[in-house]
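*Asks:* Provided herewith is a single structure, encoded as structure tokens, for subsequent inquiry.
The numbers here are math on the coordinates, done by the rules we state, and not lab data. No experiment lies behind these values; they were computed from the predicted model shown. Virtual Cβ from ideal backbone geometry, glycine too; neighbours counted across all protein chains shown.
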Amino acid sequence: MNDKPKILLVNAPHNFGWPWGKGNVYRGFYEYLGTGYLASSLMSHGFQVEIINAPYHGWGPQKTATEIRSREFDLVGISANWQQFFPQAASLLEELTSLKQPIILGGHFSTIAHENLLRDFPFLSAIGLGECEATLVDCAKALAAGKSLSTVKGLYVVSNDSQPATRPLEEDLDSLPFPYRPEAENYRYSKNPGGAAASILASRGCNGNCSFCTVHAFQGISTGSRWRPRSPENVVDEMEMLQKDFGFINYRFVDEDFLGRSEYGRQRALDIAREILKRGLKLSFEVYCRADEVDVELLKALKKAGLQGVYLSLDAVSESDLELYNKGTTREQMINAIRAVLESQVQLAYSFIFWHPYRRLNEIHQVYTLLEEASRGNSQDYTTILKGMQTGLISDLEVLTGSPIEKQIENDGLLRGNYRQYSYDFVHPATKAAYRIMKGYQRLRRLAENTSNTLSRPTQGKS
Ligand code: B12
Ligand code: SF4
């Protein structure tokens, strides 16, 4: 083993919003920062790193495995972050059973399901728990020193009998080097003016307790503050660098909660805006936040610095959903949040989680009442509000392993499937029937769309 081992990092395949195999069109595709952060920390300690970003290339599991095998490296770290995308990650792992080098898995889902995953994929060397910048650097150091990975804090290793030793969450996010973005040159604004937005992470974690979410399960494995912000200067330094080096003018804040559900978080957001204006940067950005965090004054101030869109995680269709989802928000706050976005004239996006095991059909109208109230009887506002709905009324609750609602549905005897992929039964027969009809209609529509696309496409060789 050389004293500077080479680490190969892999963003596991998935096909979300990406025309597979159609080249480098960075449209509708979100940049993932996990592997970028891990890479830059390793590089800052002098280790060699390569990232294989399978979704970026549109590579499926087999092609990704072939690419991995064709590289020279001492350890491969695979980011299996999403439970929903795990089927593709699992197929990739099955292709790698005979790999000589150690394989480490990491990310949200891998952290939460570490025991089951190491049982089901025994050829894995370890699973990185939680945020792993420091852990992976220690892995590389252990390899360089010829030590076993079981000595590394923050790794779950099969040979360890005791509970895994985890690391505290990183409190000083400014101390982390900016994420390594080897492909940024390809999707910079000048090459993809319509679609290129750089992801940027201005804080980590969330203080919310939504019952369908796994952020608490992921963070709960480590000690430390639930919401941790970067300083405004450090955030804007990164934005400025991305503009100067790559020409980005659009940014997507991928924080779980950009505003941090506190006065401090609100002031920090305003300071970010002031810093952007002070430096004279011309840019636009969008943020995700909760309904209990926004008001017109705040949004207008952010808009002056370039705020273009707000994604509100409304989620609750009805009064009873607010309780079931443990949102910690009220319907009044939801209405006020929509109004605030409209009145500040930034683009509105939001979603509901519509189908869940306890849904009663007579709750449906509550969505429309809420949206109507938010429109205050103005038909133009109502149209704008309807356009902002990202999921329509067809979104399902995805039961995620480690979420509080998983336990509730299980205790009620309604959960089906296993830790990798769940489905559920409905309590009310009328809901079950309506759900079937809705899904059947959706399938038919997709079929009709596919058929008409096939018929209208010119046959090969004739065009
Ligand atoms: C960008 C994003 C997406 C993009 C994906 C982009 C891409 N190119 O891959 C898109 C839009 C596709 C997406 C979709 C979804 N997403 Co999403 N997404 C995110 C988001 C906002 C940012 C990810 C990111 O860049 N994080 C920043 C990095 C630095 O953090 P990190 O990923 O945790 O990485 C650290 C550790 O996990 C670890 N680590 C990561 N990889 C590895 C690898 C190794 C080897 C090791 C050791 C460690 C390690 O170290 C990293 C550095 O500290 C996160 C929220 C968030 N802020 O994390 C949600 C998040 C990941 N998404 C989530 C969810 C729920 C979804 C959806 C299911 C939503 C939905 N209902 O539709 C869908 C899934 C797709 C589907 N419908 O089938 C959940 C994850 C839940 C879970 N347990 O699976 C998150 C955490 C949001 C939340 N709080 O609920 N998402
Ligand atoms: S506000 Fe968002 S990130 Fe926070 S707990 Fe709720 S769903 Fe999760």
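*Asks:* Along its principal axes, what span do the Cα atoms of the stretch 86-154 show, with the longest given first and each in whole Å?
*Replies:* Extents along the principal axes, in whole Å: 34, 25, 17.
*Asks:* Return the distance in nm (one decimal) between the two label points of a simple spin-label model at Arg360 and Arg274, each offset 7 Å from Cα along Cα→Cβ.
*Replies:* Here the modelled spin labels are 5.0 nm apart.
*Asks:* Please identify the cysteines of the chain that lack any partner cysteine with a Cβ under 4.7 Å from their own Cβ.
*Replies:* Cys132, Cys139, Cys206, Cys289
*Asks:* In the structure shown, do any of Lys304/Lys387; Lys244/Lys387; Lys63/Lys282 have a Cα-Cα gap over 28 Å, and if so which?
*Replies:* The pairs that break the limit, which is 28 Å between Cα atoms, are Lys244/Lys387; Lys63/Lys282.
*Asks:* Could you give the spread of the C-alpha atoms of the stretch 298-367 along their three principal axes, from largest to smallest, in whole angstroms?
*Replies:* Over the stretch 298-367, Cα extents along the principal axes are 43, 17, 17 Å.
*Asks:* Taking the Cβ-Cβ separation of Arg443 and Glu372 as r and a Förster radius of 25 Å, what is the calculated FRET efficiency to the nearest 0.05? Intermediate values should be presented prior to the final figure.
*Replies:* Working: r = 31 Å, r/R0 = 1.22.
Plugging the Cβ-Cβ distance into 1/(1 + (r/R0)^6) gives 0.25.
*Asks:* Using only the alpha-carbon atoms, how far is helix 429-456 inclined from the longest principal axis of the chain? Give it as 0 to 90 degrees, nearest 10.
*Replies:* Orientation of helix 429-456: about 70 degrees from the principal axis.
*Asks:* Report the per residue volume, in Å³, of the convex hull enclosing the C-alpha atoms of the stretch 377-416.
*Replies:* Numbers: hull volume 4.6 nm³, N = 40.
In the stretch 377-416, the Cα hull volume divided by residue count equals 115 Å³.
*Asks:* Please compute the length gained on full extension between Asp3 and Val158, using 0.36 nm multiplied by the number of residues separating them and subtracting their Cα-Cα distance. Before the final figure, lay out the partial values.
*Replies:* Numbers: separation 155, 0.36 × 155 = 55.80 nm, distance 2.56 nm.
Here the answer is 53.2 nm.
*Asks:* Apply the Karplus parameterisation 6.51 cos²θ - 1.76 cosθ + 1.60, with θ equal to phi minus 60°, to every residue of the stretch 217-232 and state each ³J(HN,Hα) to the nearest whole Hz, in sequence, with x for glycine and proline.
*Replies:* Karplus values, whole Hz, x for Gly and Pro: 5, 5, 6, x, 6, 10, 8, x, 6, 5, 10, 10, x, 8, 6, x.
*Asks:* Moving on. Using the alpha-carbon atoms, what tilt in degrees (0 to 90, nearest 10) does helix 365-375 show relative to the longest principal axis of the chain?
*Replies:* The answer is roughly 80 degrees.
*Asks:* If packing is taken as the mean number of other Cβ atoms within 10 Å per residue, what is the order of 66-75, 133-142, 216-225, highest first?
*Replies:* Values: 66-75: 14.5, 133-142: 21.6, 216-225: 17.3.
Output ranking for 66-75, 133-142, 216-225: 133-142, 216-225, 66-75.
*Asks:* Okay, next question. Bin width 5 Å, origin at 0, all Cα-Cα pairs of the stretch 27-176: what percent of pairs per bin?
*Replies:* For the stretch 27-176, the pair-distance distribution reads 2, 9, 19, 24, 22, 16, 7, 2, 0, 0.
*Asks:* In nm, what is the difference between 0.36 nm times the number of residues separating Ser91 and Leu281 and their Cα-Cα distance? Working shown, then result.
*Replies:* Values: separation 190, 0.36 × 190 = 68.40 nm, distance 4.39 nm.
Computed gain between Ser91 and Leu281 is 64.0 nm.
*Asks:* Just in the stretch 299-363: which trypsin sites (Lys or Arg not before Pro) are loop by DSSP and have at most 15 other Cβ atoms within 10 Å?
*Replies:* Values: sites: Lys300, Lys303, Lys304, Lys327, Arg331, Arg339, Arg359, Arg360; in loops: Lys327, Arg359, Arg360.
Hits after loop and neighbour filter: Arg360.
*Asks:* Still on this model: Give the relative contact order (percent, whole number) for the stretch 70-137; include only Cα pairs under 8 Å separated by 6+ residues.
*Replies:* Dividing the mean separation by the residue count of the stretch 70-137 yields 33 percent.
*Asks:* Sticking with this one: I need the Debye-formula profile for the stretch 90-242: one equal scatterer per C-alpha, no solvent, reported as log10 I(q)/I(0) at q = 0.08, 0.09, 0.21 1/Å, two decimals.
*Replies:* Relative scattering, expressed as log10 I(q)/I(0), comes to -0.30, -0.38, -1.31.
*Asks:* Output the antiparallel fraction of DSSP beta bridges having both residues in the chain, as a percent to the nearest 5.
*Replies:* Values: 8 of 43 bridges.
Antiparallel bridges: around 20 percent, rounded to the nearest 5.
*Asks:* To the nearest µm²/s, what D does Stokes-Einstein give for the stretch 260-300 at 4 °C and 1.567 mPa s, using the Kirkwood radius over alpha carbon pairs as Rh?
*Replies:* Values: Rh = 11.2 Å.
D = 115 µm²/s.
*Asks:* Ala430 to Lys147: FRET efficiency via 1/(1 + (r/R0)^6), r the Cβ-Cβ distance, R0 51 Å, to the nearest 0.05?
*Replies:* Values: r = 61 Å, r/R0 = 1.20.
So the FRET efficiency works out to roughly 0.25.
*Asks:* A further question on this structure: Would you work out the charge dipole size for the stretch 340-437 about its Cα centre, treating the Cβ of every Lys and Arg as +1 and the Cβ of every Asp and Glu as -1, and quote it to the nearest 20 debye? Please list the in-between numbers first.
*Replies:* Numbers: 9 positive and 11 negative charges, 60 e Å.
It works out to roughly 280 debye.
*Asks:* Additional query: So what's the angle, to the nearest 10 degrees on a 0 to 90 scale, between helix 34-44 and the longest Cα principal axis of the chain?
*Replies:* Here the helix axis deviates by roughly 40 degrees.
*Asks:* So what is the relative contact order for the chain, in percent, with contacts set as C-alpha pairs under 8 Å and at least six apart?
*Replies:* Working: 805 pairs, mean separation 53.3, N = 463.
Reported relative contact order: 12 percent.
*Asks:* How large is the charge dipole for the chain, taken about the Cα centre, if only the Cβ atoms of Lys, Arg (+1) and Asp, Glu (-1) carry charge, to the nearest 20 debye?
*Replies:* Details: 51 positive and 53 negative charges, 282 e Å.
Dipole of the chain, to the nearest 20 debye: 1360 debye.
*Asks:* Can you give me the Kirkwood hydrodynamic radius for the chain, using every pair of distinct Cα atoms, in Å to one decimal? Could you put the intermediate results ahead of the total?
*Replies:* Working: mean 1/r = 0.0418 Å⁻¹.
Roughly 23.9 Å, rounded to one decimal.
*Asks:* Lysines near Lys141 by alpha-carbon distance under 29 Å, same-chain residues fewer than 8 away left out - which ones?
*Replies:* Once the sequence-local lysines are set aside, what remains near Lys141 is Lys4, Lys6, Lys100, Lys153.
*Asks:* Per residue Cα convex hull volume for the stretch 276-404, in cubic angstrom? Write down the numbers at each step before the final one.
*Replies:* Working: hull volume 15.7 nm³, N = 129.
Per-residue hull volume (Cα only) is 122 Å³.
*Asks:* Taking amide H positions as placed 1.01 Å from N in the peptide plane, with prolines and chain starts having none, which residues 5 or more places from Ile51, or on another chain, fall under 5 Å of its amide H?
*Replies:* Leu9
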